[in-house]
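Take a look at the structure below.
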Amino acid sequence: MVLSHDSLGCLPPHRAAGGPGPRREYYVLCGDQSVPATVAIIKLFVSEVPSTVNSQDLLGRTPLHHVVNGYSRYMSERSNTARFLCENGPDASL
């Protein structure tokens, strides 16, 4: 499952890192509850397949790109996710 791509080439860590989209009512966990859950999900994926931290979707974006892309919408909620990804070996050249 960790290596199953969707139609955009995203792996589960990309989707987890992206967090809630603009329609937050679709998510069971919002606000402060979503941060620990997101980090826990990404930790699970990275512990099983460490290379997922640098996996790229069809547009060349890594999970860290997905965190940063939505950072302006949910700034406080994304910092822990970004911190975890940065601490687990992202390739800065991607």
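The values are calculated or read from the model by the stated rules, or taken from the named source; none is laboratory data. All values reported here derive from a predicted model rather than from experimental measurement. Here the Cβ positions follow ideal geometry from the backbone for every residue, glycine too, while neighbour counts run over all protein chains shown.
Within region 52-66, identify whether any single residue is touching an Asp or Glu at 6+ places or on another chain (Cβ under 6 Å) and modelled with pLDDT of 85 or more, and answer yes or no. Yes; the residues of region 52-66 include at least one that is touching an Asp or Glu at 6+ places or on another chain (Cβ under 6 Å) and modelled with pLDDT of 85 or more.
Filter region 67-92 for residues that are at pLDDT 80 or above and assigned to a loop (DSSP other than H, G, I, E, B); which is surrounded by the most Cβ atoms within 10 Å (Cβ to Cβ)? Out of the qualifying residues, it is N88. One residue stands out in region 1-37 among those that are under 22 Å from L94 (Cα atoms) and not in a loop (DSSP other than H, G, I, E, B): the one that is modelled with the lowest pLDDT, namely G18.
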